[in-house]
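Remarks on the structure that follows.
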Amino acid sequence: MACCHYFSEIEGNETVFSVDATAISCGHGVLKELGHEIKSLRLSRVAIFTDAHVSKLWFFEEALASCKLAGIDVTIFDESRVEPSDRSMMNAIKFAQEGQFEGFVSIGGGSVIDTCKLANLYSSYPADFEDYVNAPLGKGIPVPGSLKPHIACPTTAGTGSECTGIAVFDLISQNVKTGIASKYLKPSRALIEPAVTQTLPSSVVACSGFDVLSHALESYTASPFTNRSKLDNPGLRPLSQGSNPWSDMGCREALRLSGLYLERAVNDENDQEARENMMFAATLAGIAFGNSGVHIPHAMSYSVAGMIKDFNPVGYPSDHAMCPHGMSVIVNAPAVFRFTAEHCPQRHFQAAELLGADVAGANEEDSGELLANKISNMMKKTGMPNGVSGVGYAQAHVGELANGAFAQQRLLSNAPCDVKESDLKLLYQQAMSYW
Ligand SMILES: [Fe+2]
């Protein structure tokens, strides 16, 4: 890609990027096609993963009716937990192992889709839970091969999990979030019904919307794929291969849409145009980060969410303390982009501009400040917490937060610069509050 200086070839480094995308159908009424999709994969007996809330909503009924019409034998698992843990994953895995299903459907947010990915994985290739978990927290053993078919139907505009090979959960024993990443976890197909966001509480739209925004920002500013050493075996090319021309396309459009519609989607629950555009932005950002990877804000989010105590956000289940994923990411973002800007200022500048920041008279040296201010303004206008202190952390927690984030080497190595544990301490300090 000599045409684009950001991806200049470097002697001995990677010269190839790969595009691995889920097949997608998107639009009003698409869940009526679920039965047809299942049949086209030659399946007659499937498990549908959902949660207790989604299982009562109109689109779940619509999906179920479609399966019935197609004569599919369906068993429902509605115990997926919002922000899943290794324990809740284990329940789902047991269900899948006992059911011996031909394939899987997930209808829900990222938590449901991620739960279904792991139920599929461990029922296809039984192993100790820690075996496939990312090292160093788990053993990091590669997923052996293809899983059973999985059709993902997202119901929040956020995680993009329908397009990625990543599943995230709380590792309770170590008090931290982590995940499993493999191209084989990527759902076979995704059915995206834009109207599902109509009934979401504003707080959920905000958290998932900021997850979208950060996926796009992190993928766009990730270390270029040409910075990695070339591997002898192309089969070992990582899922998070770094920013690349394919991912850039999705990032730019997801940023433009987030700038136009995120605040509207949160602040006016009747603004269907805004909510549906955020649904599309989520998918675009999912395709992008599924092929490039995220970096520091997500690495920092894992300890923000994993160490949470006594925090129960409005609009989420109140039976356990939690910090929604998108919230745990975005509270770090302004501090991080101030820090990373000097390593690819042009990209930070373009991102701020795509989000709608006023860049008149500004130049690239201002790009970190421009982008950080734009993000924190959007957070302020949509009722997000004012930095990590807003979800219950203080200076005394900085060491432990940084220690947890530093374990996320898979993500940190995708950043546009080296990240030391001392950098993470400084970033958490700077992320305490923004206004
Ligand atoms: Fe995310």
Give the range 166-189 a look and list any residue that's within 16 Å of the ligand (Cβ to nearest atom) and either of a type in the set (Val, Ile, Thr) or closer than 23 Å to VAL204 by Cα (or both), or say none.
ILE166, ALA167, VAL168, PHE169, ASP170, VAL176, LYS177, THR178, GLY179, ILE180
Say whether the condition of being within 16 Å of the ligand (Cβ to nearest atom), within 29 Å of LEU31 (Cα to Cα), out of contact with any Lys or Arg (no Cβ under 9 Å at 6 or more places or on another chain) and of a type in the set (S, T, N, Q) is met by at least one residue in the range 134-147.
no
Inspect the range 179-191 for any residue being assigned by TED's automatic domain parsing to the domain that holds ASN134 and under 22 Å from PRO317 (Cβ atoms) and give the result as yes or no.
yes
Every residue from the range 222-239 that is surrounded by 24 or more Cβ atoms within 10 Å (Cβ to Cβ) and within 15 Å of the ligand (Cβ to nearest atom)
ALA222
Scan the range 260-281 and give yes if some residue there is touching a strand residue (DSSP E or B) at 6+ places or on another chain (Cβ under 9 Å), in a helix (DSSP H, G or I) and within 16 Å of the ligand (Cβ to nearest atom), otherwise no.
yes
Please state which of the following conditions GLY209 fails to meet, knowing it meets all the rest: (1) crowded, with 24+ Cβ neighbours inside 10 Å; (2) among the small types (Gly, Ala, Ser); (3) in the same structural domain as GLU37 (by TED's automatic domain parsing).
(3)
Subset of the range 207-220, residues touching a Ser or Thr at 6+ places or on another chain (Cβ under 6 Å) and away from the ligand (no atom under 14 Å from the Cβ), comes to none
Among (1) of a type in the set (A, V, I, L, M); (2) within 19 Å of the chain's Cα centre (by Cα); (3) at pLDDT below 95, ALA216 falls short only on (3)
Just checking, which of SER303, SER292, SER328, SER318 is among the hydroxyl-bearing types (Ser, Thr, Tyr) and free of Cβ contacts under 8 Å to residues at least 60 places away in the same chain?
SER318
Tally time: how many residues in the range 15-26 are farther than 25 Å from SER80 by Cα and either polar (S, T, N, Q) or modelled with pLDDT of 95 or more (or both)?
2
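The values are calculated or read from the model by the stated rules, or taken from the named source; none is laboratory data. Just so it is clear, the structure is predicted and the values come from calculations on it, not from any experiment. Heads up, the Cβs are rebuilt from the backbone with ideal geometry, glycines too, and the neighbour counts pull from every protein chain shown.
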